[in-house]
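Please treat every number below as a calculation from the coordinates, not as lab data. A quick note: this is a predicted structure, and the numbers were derived from the prediction, not measured. Every residue, glycine among them, receives a Cβ derived from its backbone with ideal geometry; neighbour counts consider all protein chains shown.
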Amino acid sequence: MLKRFLSFMIVICMLSCSMLIQIDASTDPVVRNNLDKVEDTIADIDAHNQVFYLPSNIDPKNVHIETSAKTYSVGGKSSQPMPENGTIDITPGETLDQYGNTCYIVSFDSLGTYTFYSGSAIGAVYVATSGGINPLLSSREYKDKQSKLVITDESGKVIYSDIANETLSEIKGRGNASFYNEKKPFQIKLGKKTDLFGMGKAKTWILLANYNDSSYIRNTLAFRIADALELPYTPKSVFVELYIDNEYQGIYQLSEKTQIGTNRIEITDLEELNEKANEDLDLDTLGVHMAKSNNKFNSNLELYQYAVGMENPENIKGGYLVELDNLYSYSEKCIFGTRNQNTYTVKSPEVASKEEMEYIADLFSSFEQALYSKDGKDENGKYYTEYCDLESLVKVYIVEEITKNWDAYVGSVFFHVDVDGIIHAGPVWDFDNTWGNIRGRGSFATNLEEPWAFKDQGFGYGATFGGALMQHEDAKELAAELYPVAASFLEDALLPGGYIETLTETISASAAMDMARWPVEQRNYTFIYFNTYSDGTVDSCVGYLTNFINVRTAALYDFFGAEKTPHEHVLEKIDFAEPSCEEEGHDEYWKCSICGKLFSDEEGKNKIKEPAVIPPLGHNWGEWEVVEEADYDHEGLERRVCRGDSSHVETRVIPRKERPTTVTESVETTTVETAETQSDTSKTTESTAEKITESGNTTLIIWICVIVGVAAIFVALVVIIVGKRKTIRS
């Protein structure tokens, strides 16, 4: 009986396992992504909630599907057997989704109906985690250092592969508020430095989710404005699809990371120098100490926090990457705060010593003290532009203002300082909360024309830096000059066939996939969303943005005091002028005949205040030549001529000759001089005789003493010898 029961249970278990295996085998079909030279399933596509999101290299007419299904139907048509090679054409199932975007419907016998989307012609990043996606989504601190990545361009060509390189990569969550969105931003660190999409070799890259920006292009637009202004180290970026563990995560902006290094912010890497100076120390494990300034450095510095127990490299003056962050600095290791209610985070070196923090905190707080003062000077009389590169500060301000950045001078405002101690603003970063993309916050989304970044908006963030800068005439004048450059870029970008239309058309299919993957009605209502990506009206994601840009860009000309219709310069060349002996020369330059502005190049790209001056050469004088001889009654004249310019002549007077004396005068003078000479000679002779006599007496006395002394010694010796002989005899 027991034997039968056990046999029965074994049969039941086998049937159950068989059923489980069949269920697993029949779970969602898999789209095979046959990438060149990638013998792995890392790029295969799994369905998410019965939806497949295909990268651009997979042709909808040739979709390779692995499934347990025996038959399939496309677009509700009659079923047909699955081909032996698993490749099917899904285009007959084309339809529109709830947002009016193209998709394809395919059914697999008992497995159900699936929706397929096909993405834009952009690259793709495939990640195979070592521990699943959930830890990545749960904590920013979690780092999967054993993951594998494959990255392809828009054609599916592999441009990076951990599989081919036999390397491992790292992926982690990133962002502050953005990390808590459903769609997470990430940071990846490749197994080896690689040039991705022509952006230069690097290991670390950022995947921006742009979850709160339904146009997906606010960040890249802001970066392009900074590029137009020629702001150094502006991040390069491209759009890609992201797949983690075979499941689609959305359209992402693959961007350079804001960091010090080659192909990034190319200044001295103090973090690297710190690591070399502390080779036997794990800097990340060091504790920190918060110190109050107590006016030790300047009256504006309030406090600073540094790492305890590390050694300094030889030079601690650079380079530094510093972020103005009045929101999240409390979570960072090395920070400092000023009495202007600004808090700064030292992003690099991430772990800084007491001396390093004192140096950079003193530099910034002194600069800030000068910036905030009405006359632009700190308590030591130093003008604010002596601390900083004014041009970079003004360029960043223009980007913050023209985009109407909610976070302007609140957070994500970066500065960098090299060993020369000059503060440079930039690179720009974080522009999803721009151009009216937040509703219900005063006039932010409703007033398209108001200046924003130059004043504290009263939301408790202490955004006062922009206003401090723009109170100074030199900053305002430079902003008025540079604003048309930024405005012109946006005006051209808004034109039919311009940058915005071209970009949004390029990514529109991927934007549709992202909207399906992360339905807009489920996103945070604080941000502006529409069900239509782009239809030419203001009631679409792109249309709302372009209207805001158009109105705001035109309105800010008056605020900046800039020319609304900048003219095309008519340039006239001013030739090189040789310096002379006495006058300066100058390099060649070009002058606009309309506005009078000067440029160092014939294209009119490099504006200058004045041409480069060449100092005077100075005279190269020849020898003096007599022009007129002097005599007893008249002065003479001589001159010398400059060898560089014969018209330059210098003269000087030759004194009159001395007239000779008469014969009588000469005889009398000679007689007197002879008598005086004889008298002097007689006196000299007498004096010499006296000296000789005195000298002779002295010598005689010395000799007598010597003789007497020698005789005394001789007598003494004789007495001693005689005495010794008597003693011997006796």
Sort 572-582, 308-318 for me by packing, meaning the mean count of neighbouring Cβ atoms within 10 Å per residue, highest on top. 308-318, 572-582
With unit charges on the beta carbon (Lys/Arg positive, Asp/Glu negative), name the residue among S68, G497, N176 whose Cα is farthest towards the positive pole of the charge dipole of the chain. S68
Among the DSSP H helices of the chain, those whose Cα atoms extend at least 20 Å along the helix axis and whose mean Kyte-Doolittle hydropathy is -0.5 or higher are 2-26, 354-372, 473-493, 499-517, 541-560, 663-729
Which distance in Å, rounded to a whole number, links the C-alpha centroids of segment 606-629 and segment 249-312? 52 Å
What's the exposure ranking of W406, W703, W624, W205, going from fewest to most Cβ atoms within 10 Å? W703, W624, W205, W406
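Normalising by the residue count of the chain, find the relative contact order in percent from Cα pairs under 8 Å and 6+ residues apart.
Relative contact order, the chain: 8 percent.
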Cβ-placed point charges (K, R +1; D, E -1), dipole of the chain about Cα centre in debye, nearest 20: 3880 debye
Options (1) 131, 71, 42; (2) 159, 111, 52; (3) 85, 67, 43 are given for Cα extents along the principal axes in Å, and the computed one is (2)
With an 8 Å Cα cut-off and a minimum separation of 6 or more residues, compute the relative contact order for segment 117-177 in percent. 35 percent
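With n ≥ 4 as the cut-off for DSSP H runs, can you work out [θ] at 222 nm for the chain, using -39500 (n - 2.57) per run divided by the number of residues, rounded to the nearest 500?
-10000 deg cm²/dmol
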Relative packing of peptides 211-219, 590-598, 326-334 - highest average C-beta neighbours within 10 Å first: 211-219, 326-334, 590-598
Less than 15 Å apart at the alpha-carbon level, and either on another chain or at least 8 residues along: which aspartates and glutamates does that give for K382? D362, E368
Over what distance in Å are the Cα centres of segment 418-478 and segment 348-371 separated? 22 Å
